[in-house]
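Quick notes on the structure that follows.
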Amino acid sequence: MIGDNDFSSFTTLKKELKVSTGTIYHHLETLSQLIEQKEDKKYYLTDLGILAYNSLKNNIDSIITPDFSKREFNSPILKTLMRLTPSRLIIASSTKTINKIIISVIILTIGAIFCSFNRQFPLFLFFGESLPILEQQMVNIYGFFFILNVFIYFFLIEGICRLIYKKKENSLPILISFPIIFFPMILYLIIHFFFLTSGSLEYSLIGIIDNIAMILLQVWSLWLLTYNLIVNKFLKIENALIISLLLHYGGFSIILLIAI
């Protein structure tokens with residue numbers, strides 16, 4: 001934008017990019033060797049910036065877009081997962097915040113209801129049988145633990161991003177849309193409830209199908225979490241996967257210890 005127009009004001013950048021003031025300042029600081037602000041308060045390209053701009057213009061056809069959602073993947077699995085990704089609801093700068101809040105509240109509510117119906121104790125993306133200590137408690141306590149689990153999961157993810165990768169960006173937008181990551185697990189809770197109420201879980205084959213459904217939907221949830229970290233925390237895909245899988249297998253280990 002600055003190269004095409006020779007200069008740009010902060011107001012123009014904010015209007016065209018449709019992102020927060022803090023985000024623009026962050027990127028201007030990152031590009032400080034390429035962009036400078038002069039006495040008229042407008043932003044211009046430095047000599048190095050002009051070289052970078054010309055290089056980009058001359059090689060535009062061979063440059064992969066920085067928008068992760070538009071990248072081409074050779075893996076059929078990643079292509080499928082991208083088709084199942086509601087990117088507009090996850091990317092911090094897209095879709096109205098109120099819409100995200102409404103969808104997140106709906107997901108939390110439905111998840112809490114079906115977690116209660118199933119009497120399953122949630123742990124990250126896992127749902128185990130009811131704990132003995134909770135057997136005599138009210139059914140809706142499982143719904144409370146579902147909501148609590150979502151927030152604990154978020155704070156653990158946020159903490160790892162800050163401590164290991166020093167990423168503090170978009171914490172609030174991620175929190176607002178974080179329940180969307182659990183949408184696939186809501187589908188699992190509904191499927192499990194159907195099997196449970198119909199008495200089908202007494203059959204070993206249905207039990208296997210139930211477990212397979214949970215695993216496949218966990219993969220979908222893990223991808224949504226990974227995608228969230230890539231587009232909002234600006235992590236490389238391998239680093240985002242490390243965080244996602246680290247907590248996932250941590251939860252799996254806890255489930256095994258409880259079962260033992």
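The values are calculated or read from the model by the stated rules, or taken from the named source; none is laboratory data. These numbers were taken from a predicted model, which means no experiment stands behind them. So basically every Cβ, Gly included, is an ideal-geometry build from the backbone, and we count neighbours across all protein chains shown.
Say we look at the range 225-241 and pick out the residues that are modelled with pLDDT under 95 and of a type in the set (A, V, I, L, M); which of these is surrounded by the fewest Cβ atoms within 10 Å (Cβ to Cβ)?
This residue is Ile237.
Cβ-Cβ distance below 8 Å, separation of 6 or more or different chains: which pairs start in the range 42-55 with a residue that is assigned to a loop (DSSP other than H, G, I, E, B) and end on one that is surrounded by 12 or more Cβ atoms within 10 Å (Cβ to Cβ)?
Qualifying pairs under 8 Å: Lys42/Phe7; Lys42/Ser8; Lys42/Ser9; Thr46/Leu34; Thr46/Ile35; Thr46/Glu36.
Out of everything in the range 18-41 that is touching a residue at least 24 places away in the same chain (Cβ under 8 Å) and assigned to a helix (DSSP H, G or I), what residue ends up being nearest to the chain's Cα centre (by Cα)?
Here the residue is Thr23.
When you check Lys15 against the structure, is it exposed (fewer than 11 other Cβ atoms within 10 Å of the Cβ) and more than 26 Å from Ile91 (Cβ to Cβ), yes or no?
Numbers: exposed (fewer than 11 other Cβ atoms within 10 Å of the Cβ): yes; more than 26 Å from Ile91 (Cβ to Cβ): no.
Judged against the criteria, Lys15 is not a match.
So in the range 85-102, with the set limited to residues that are surrounded by fewer than 13 Cβ atoms within 10 Å (Cβ to Cβ) and aliphatic (A, V, I, L, M), which one is modelled with the lowest pLDDT?
Ile98
Would a scan of the range 167-175 turn up a residue that is without any contact (Cβ under 8 Å) to a residue 40 or more places away in the chain, part of a helix (DSSP H, G or I) and more than 29 Å from Ser20 (Cα to Cα)?
Going residue by residue through the range 167-175, those that are without any contact (Cβ under 8 Å) to a residue 40 or more places away in the chain are 168, 171-172, 175.
Narrowing the set further to residues that are part of a helix (DSSP H, G or I) leaves 171-172, 175.
Applying the additional criterion that residues be more than 29 Å from Ser20 (Cα to Cα) yields none.
For the range 167-175, residues without any contact (Cβ under 8 Å) to a residue 40 or more places away in the chain, part of a helix (DSSP H, G or I) and more than 29 Å from Ser20 (Cα to Cα): absent.
Name the single residue that is modelled with the lowest pLDDT among those in the range 34-66 being over 27 Å from Ser94 (Cα atoms) and loosely packed, with under 11 Cβ neighbours inside 10 Å.
Asn59
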